[in-house]
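Here's the structure we're looking at; comments come further down.
The values are calculated or read from the model by the stated rules, or taken from the named source; none is laboratory data. Computed from a predicted model, the values in this text were never measured in an experiment. Heads up, the Cβs are rebuilt from the backbone with ideal geometry, glycines too, and the neighbour counts pull from every protein chain shown. Side chains included, ligands, DNA and RNA excluded: accessible areas come from the protein's heavy atoms. Shrake-Rupley method; radii C 1.70, N 1.55, O 1.52, S 1.80 Å.
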Amino acid sequence: MDISSVRDYSLIECRIASHQHYGLTVHTIEGNIPGYVDESAISDEDFTPRVYWPPKGERLTCVVLGQAGGGRLRLSSRPRDIELANSVVDVAIALTAWRLARDDEEGAGGLAEFWRLPDVAAVLRWALRRPAHSRDHARAVEIVALAPTVIKDSLREADYISSSPRGKEPDADHPRPG
C-alpha cells in the first residue's frame, strides 16, 4: 500500500511514532505511510491535555482526512469521526448532504434531501457530538427538533436526545455518545 491508494474518509490502523507540539506522528500499520493527528483531532474534546494523549507505540484507528505535504496523511482519531466512518455508506456523500441541510435555513431543499439520506441518524449523531459551541452542533439541535419520529426514536434509543415528555430537543449541553 502507498499513499496514492489511500482514500479520504477511509479507516486506517496506525501506530503512534511520537508526540510533537502539534499532535501525534504516526505510521500506518500497512504500508508504513507517515501521517499525523493534529492535537485538535485526537479526541472528541475541544482540547485534550498532552498528558492524556495516547502513548508512543500504541495502535490507533484513524480516519483519513487527506494528504499533507511531504507524503504524509492528515488523520483524525476522534471517536465521533471513527463512528461516522463506520456507520455510513459514503462519508463524503453524507457530509455533503449534512452541509446542505445545515446551511438550508431558508428551506431551499437541502433539509428535504437530508431526510432521504439512508444515514441521517448517523450523521445527526456525529453532529450532536461536535462541540456545543459549533455551528454543526447548534444546527443539529434545530434539525432534530424537526426530525421525523423514527429519527428521534433512533437518537433517543442511543441516548443522543432526552426522553423528556416533549421529546423534541437533544440534551444540548450533554449529548451522550452511543
Could you please find all residues in segment 73-125 being in contact (Cβ under 8 Å) with a residue 60 or more places away in the chain and under 21 Å from Val150 (Cβ atoms)? Glu83
Report every pair of residues separated by at least 6 positions or lying on different chains whose Cβ atoms are under 7 Å apart, first residue within segment 29-55 and within 18 Å of Arg74 (Cβ to Cβ), second in a loop (DSSP other than H, G, I, E, B) and among the small types (Gly, Ala, Ser). Val37/Ser77; Ala41/Ser77; Ile42/Ser77
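This table checks each residue for (1) over 23 Å from Val6 (Cβ atoms); (2) open to solvent by 40 Å² or more (accessible area, probe 1.4 Å).
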site	(1), (2)
Gly23	no, no
Ile29	no, yes
Gly35	no, no
Ser40	no, yes
Pro49	yes, yes
Pro54	no, no
Within segment 116-141, take every residue that is more than 22 Å from Ala85 (Cβ to Cβ) and either open to solvent by 40 Å² or more (accessible area, probe 1.4 Å) or of a type in the set (Asp, Glu) (or both) and give me the one that is modelled with the highest pLDDT. Ala138
